[in-house]
Amino acid sequence: MDRKGNVIVIRRKTVIAGGHHGGAWKVAYADFVTAMMAFFLLMWLLSTTDEQTRLGLADYFSPTIPIHDSRGGGDGPFDGDSMFSQDVLARDETGQKGDPEKLTEAGAADAVDQASDQSLYDIEKALLGGSGDAMEADPLLEHIRTRVTDEGLIIEVFDIEGSPLFAADGTTANPIFGRLVAMIGRVLSRTTNPVAVSGHLATGDPDPWTISTARAQLSRQLLETSGVADARINRVTGKADRAPVIDDPAAPRNRRVEITLLRRFPKQE
């Protein structure tokens, strides 16, 4: 067969990258995926953090306690440490461990000096230090617990087994109690918020109303000696054994003095 008359046509397709719509959709899709990852990461963080952590973050961006800045400087109110410091050890200015009483006082005063406007959690950090285990590093801090409530920062100073804060008569303070309240007073003296003091006893203690009130009054005197102005004392109360903090109302843990740094709420006009 004669094929000389056949015409062979070769079609070559020209490929244009992206076609008529280009590659912009890829950028948009990448942005969308990144945004969704960030959203789900945020939701996961919110679901895994506790209420105290969320309140601490909110309080950091909306501070409630003004603190007098005596020297300025510093790299922010937290100085690279966590804002939460329940049961933590005291450190000095260099972050090294040392004498417990000196570190507790010097570290607390230093932390308060770092910024002119700090939150309740910064005061909590100033009292207890930056990191570590307080019970192992400083037996003095075994007697202190703190918690932030709607009322303010509550600092509990309490008995532990084998280490009571008061003598057998119930109203004579042992030296450790004086050291603890003096340290707390020096830290709170750098703030301006009002302070409340209350005394508590355990079930079965004799004359609980009189003794709890006497302990609260003694605590007030020690705070004023340490620099807390009398005008800042909002109330001093004795609550006997009516407000235990643990299930066993007769436990030594219920014998405590609570020093509360009250929140300052705006006045209603």
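The values are calculated or read from the model by the stated rules, or taken from the named source; none is laboratory data. Everything quoted here is computed from the prediction, not taken from an experiment. Reconstructed Cβ throughout: ideal geometry from the backbone, glycine too, with neighbour counts over all protein chains shown. Areas reflect the complete protein model, heavy atoms only, side chains present, ligands, DNA and RNA absent. Shrake-Rupley method; radii C 1.70, N 1.55, O 1.52, S 1.80 Å.
First compute the accessible area of the stretch 147-269 with a 1.4 Å probe, then give the percent of it belonging to carbon and sulfur atoms.
It is 53 percent, rounded to a whole number.
Can you work out ³J(HN,Hα) from phi for every residue in the stretch 152-168, in order, using Karplus 6.51 cos²θ - 1.76 cosθ + 1.60 and θ = phi - 60°, giving whole Hz and x for Gly and Pro?
x, 8, 9, 10, 9, 10, 9, 6, 10, 4, x, 9, x, 8, 10, 6, 4
Quick one: grab the alpha carbon gyration tensor of the stretch 211-269, order the square roots of its eigenvalues as a ≥ b ≥ c, and give me rounded if a/c is under 1.5, else prolate or oblate depending on whether a/b is larger than b/c.
oblate
Any idea which of Gly170, Gly152, Ala182 is furthest toward the positive side of the dipole for the stretch 139-184, if Lys and Arg beta-carbons carry +1 and Asp and Glu beta-carbons -1?
It is Ala182, whose Cα lies furthest towards the positive end.
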